Amino acid sequence: MTSPKPSPEATSDPTGTKPLRADARRNRERILAAAEAVFAEKGPSASTDEVAAHAGVAIGTVFKHFPTKQALLQAIMKDLLARLTQEVDTLATDDAPGEALFTFITRMVEQAAQKRTVVGLLAETGIDLQVADSVQLLREGIEALLTRSQQAGTVREDIHLDEVIALLTGLCQGALHAGWDRDLQRRTLAIVFEGLRPFEARGGAAGTYS
C-alpha cells in the first residue's frame, strides 16, 4: 500500500510540471475511479479497454494519462494514499473525536482488502509495495486520532502510538494478502476495538460480535 514516487507517466503532462486542465483532470479522476472498480470486480484479468469503457472515455484518453498499465496501477495507489491522508486530517478535526480512530482503522483495512489485485499486479512488474511504509507515512495523523480518542475516553490511556501502528500494519497485511471479506473485517475489528476501549466502555460479552 505504499505510494510509489510520482511519475511523469501518471499525468497527461509529460514533464509533470503543468497543472491539468479542468476537463483533463475530470477525465483522469474518472479513469482512476473506473480502474479501481474494474480491478476490484474483474481481478488480474481486467483490461485497459474495460477501464476505458467503465469510465466512458476512449482508450486513447486512458493512454494519454497513463501510457502503461503499470502507470495506471501506480496512480491508483498514489491516489489512495492522498485520500487516506486527507481523511485522517479531516477526522482529526471533526465533531466525533471518540470514534475517529476506529473509523480510520476500519477504512484502512477496507482499502487494503479492496486493493489486493492492484498490489499483486504491481508486484508482478517488480514493484513491491510495503504496508508498513504506508502506515508510517500516516503516523502523525494517526497519533492525532489516538490522542483525541483518549481524551474522549474511548481508547485506553495506556495504549501507545507504536502499538496502534503495529496493530494497523498487521490488520492491513492480513486484509491485503488474504482478501478478507466484509464480514471477516467486521468481526476481526470488533475484537481489536474491544481491546482498545477502556473496560467501562466495552460493549458486553464477546459473543456480541460472533
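Annotation note: Cβ proximity below 7 Å between a residue of segment 127-147 that is modelled with pLDDT under 85 and a residue that is assigned to a loop (DSSP other than H, G, I, E, B) and surrounded by fewer than 21 Cβ atoms within 10 Å (Cβ to Cβ) (sequence gap 6+ or interchain) occurs for ILE127/PRO4; LEU129/THR2; GLN130/THR2. Listed by first and then second residue, the pairs with beta-carbon distance under 6 Å, at least 6 apart or on different chains, first residue in segment 26-49 and among the hydroxyl-bearing types (Ser, Thr, Tyr), second in a helix (DSSP H, G or I) and surrounded by 21 or more Cβ atoms within 10 Å (Cβ to Cβ), are THR48/VAL62. Picking from GLY60, GLY56, which residue would you name as being modelled with pLDDT of 90 or more, in contact with a Lys or Arg (Cβ under 8 Å, 6 or more places away or on another chain), surrounded by fewer than 19 Cβ atoms within 10 Å (Cβ to Cβ) and of a type outside the set (Phe, Trp, Tyr)? Only one candidate passes the filter, namely GLY56. Inside segment 111-127, residues that are part of a helix (DSSP H, G or I) and surrounded by 17 or more Cβ atoms within 10 Å (Cβ to Cβ) make up a count of 11.
Residues that are more than 19 Å from the chain's Cα centre (by Cα) and either among the acidic types (Asp, Glu) or surrounded by 16 or more Cβ atoms within 10 Å (Cβ to Cβ) (or both) within segment 157-168 comprise GLU157, ASP158, ILE159, ASP162, GLU163, listed in sequence order.
Name the helices (runs of 4 or more DSSP H) wholly within segment 128-180 that hold at least 2 residues that are of a type in the set (Ser, Thr, Tyr)?
Values: elements: 131-137, 139-151, 161-178.
Helices (runs of 4 or more DSSP H) meeting the threshold: 139-151.
Residue count for segment 83-98, restricted to those that are acidic (Asp, Glu) and closer than 15 Å to ILE159 by Cβ: 0.
Filter segment 181-191 for residues that are in a helix (DSSP H, G or I) and either buried (at least 18 other Cβ atoms within 10 Å of the Cβ) or under 17 Å from the mean Cα position of the chain (by Cα) (or both) and give the result. ARG182, GLN185, ARG186, LEU189 - these are the residues of segment 181-191 that are in a helix (DSSP H, G or I) and either buried (at least 18 other Cβ atoms within 10 Å of the Cβ) or under 17 Å from the mean Cα position of the chain (by Cα) (or both).
The residue of segment 39-70 that is farthest from the chain's Cα centre (by Cα), among those that are in a loop (DSSP other than H, G, I, E, B) and farther than 13 Å from LEU121 by Cα, is ALA58.
The values are calculated or read from the model by the stated rules, or taken from the named source; none is laboratory data. Keep in mind the model is a prediction, meaning the values are calculated, not measured. Every residue, glycine as well, gets a Cβ built from its backbone with ideal geometry; the counts of neighbours run over all protein chains shown.
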